[in-house]
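Take a look at the structure below.
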Amino acid sequence: MNCVTCVKIGKKYPSIYVNKLYNAVRRYTDIDFICFTDDPSGIDPEVIVYDMQPLVKDPSKWRDPKRASIGIQSWWPAWNKLELFGREELDKYDKKVFFDLDVIIQGDITPILDFETNFAVSPCKWKSPDWVKRTYTDERPVFAFNTDSIVWRDTKFIYEQYIQNWQKHVRKYRGIDPYLNQNHFSDLEYLPDVFYSYREGSEPEHFWDGGEIPHLKFMPEYSVCMFHQEPEIHQLNPDHILYKIWNGNPA
């Protein structure tokens, strides 16, 4: 038995994001859909909901610029994704599939649902080696992945390592992607190449060799469109094809 999961912590994304993701997943599978959240109000009653609370007492300081200015990172809701690896509610499922709320499922996700792995994350081909070296300057393997989508079976060891000293980790790393890269790079695989970024396209800039880079464009050959920072999905023009797909009405 498998399941699909998501996390909604804080007020950045309202319940409509959970419901849109649920409806999109339902077009391809009827397996259990689970949301871990600190606020279940407005979530579709067909979604299985479990309580999950932030590890910090003052959410207003999730991204404190003063901390960043002195080289200290801060906790933010994405760190709760690592807690999924230790949740007992998921123990009964053989395989767990996670999607971030800020993605649009625009095509067949069967390659993700059927992917056999113990731990895999979504590839980000637009993160070229040059981009990685420019963004992460310490010594570690070059990586081009993110955790907008995760498939796993038994990764409790990752959660156990993290939670033992989570304050240290969230101060050191700029999110769970560099944390996983530094501590668990050898444990992960890449999911099939069915993802692209609305902001960044599908390949590093040098791939296009002077041609037009497909930034901020719909790419129908992919199954999942990832949104990063601005714009948010709900900020798209209602006539935009991706906004229509998000609302279940691509026609």
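The values are calculated or read from the model by the stated rules, or taken from the named source; none is laboratory data. Everything numeric in this text was worked out from a predicted model, so none of it was measured. Here Cβ is always computed from backbone atoms with ideal geometry, including for glycine, and neighbour counts include all displayed protein chains. Accessible surface areas use protein heavy atoms only, side chains included; no ligands, DNA or RNA. Shrake-Rupley method; radii C 1.70, N 1.55, O 1.52, S 1.80 Å.
Couple of notes before you dig in:
- When Cys3 is tested against the conditions (1) outside any helix (DSSP H, G or I); (2) in contact with a strand residue (DSSP E or B) (Cβ under 8 Å, 6 or more places away or on another chain); (3) without any contact (Cβ under 8 Å) to a residue 60 or more places away in the chain, the lone failure is (3).
- Subset of the stretch 147-165 [without any contact (Cβ under 8 Å) to a residue 60 or more places away in the chain and in contact with a Leu (Cβ under 7 Å, 6 or more places away or on another chain)]: Val151
- Taken over the stretch 91-115, the criterion of being within 14 Å of Phe33 (Cβ to Cβ) and surrounded by fewer than 17 Cβ atoms within 10 Å (Cβ to Cβ) is satisfied by Leu113 alone.
- Pair list, Cβ < 6 Å and 6+ apart or interchain, from the stretch 211-224 residues that are touching a residue at least 24 places away in the same chain (Cβ under 8 Å) to residues that are open to solvent by 50 Å² or more (accessible area, probe 1.4 Å): Phe218/Ile241; Ser223/Asp108
- Sole exception among (1) polar (S, T, N, Q); (2) exposed (fewer than 14 other Cβ atoms within 10 Å of the Cβ); (3) within 16 Å of the chain's Cα centre (by Cα) for Ser41, by number: (3)
- Which listed residue, of Asn165, Asn181, is over 17 Å from Asp102 (Cα atoms) and either among the basic types (Lys, Arg) or surrounded by 14 or more Cβ atoms within 10 Å (Cβ to Cβ) (or both): Asn181
- The stretch 18-35 residues that are small (Gly, Ala, Ser), paired with ones that are open to solvent by less than 50 Å² (accessible area, probe 1.4 Å) and not in a loop (DSSP other than H, G, I, E, B) (beta carbon under 7 Å, 6 or more apart): Ala24/Ile105
- Inside the stretch 162-194, residues that are part of a loop (DSSP other than H, G, I, E, B) and not basic (Lys, Arg) make up a count of 8.
- Checked against (1) within 18 Å of the chain's Cα centre (by Cα); (2) at pLDDT below 95; (3) surrounded by 14 or more Cβ atoms within 10 Å (Cβ to Cβ), Ile213 passes all but condition (1).
- Reported count of residues in the stretch 144-161, each being more than 27 Å from Lys125 (Cβ to Cβ) and either open to solvent by less than 50 Å² (accessible area, probe 1.4 Å) or not in a loop (DSSP other than H, G, I, E, B) (or both), is 5.
- Some residue of the stretch 144-164 being in contact with a Cys (Cβ under 9 Å, 6 or more places away or on another chain) and at pLDDT below 85: yes
- Options Arg153, Arg199; residue that is of a type in the set (Lys, Arg) and farther than 23 Å from Val97 by Cα: Arg199
- The residue that is surrounded by the most Cβ atoms within 10 Å (Cβ to Cβ), counting only those in the stretch 74-90 that are part of a helix (DSSP H, G or I) and more than 16 Å from the chain's Cα centre (by Cα), is Leu90.
- Restricting attention to the stretch 6-38 and to residues that are modelled with pLDDT under 95, over 12 Å from Asp100 (Cα atoms) and in contact with a helix residue (DSSP H, G or I) (Cβ under 8 Å, 6 or more places away or on another chain), the residue that is least open to solvent (accessible area, probe 1.4 Å) turns out to be Gly10.
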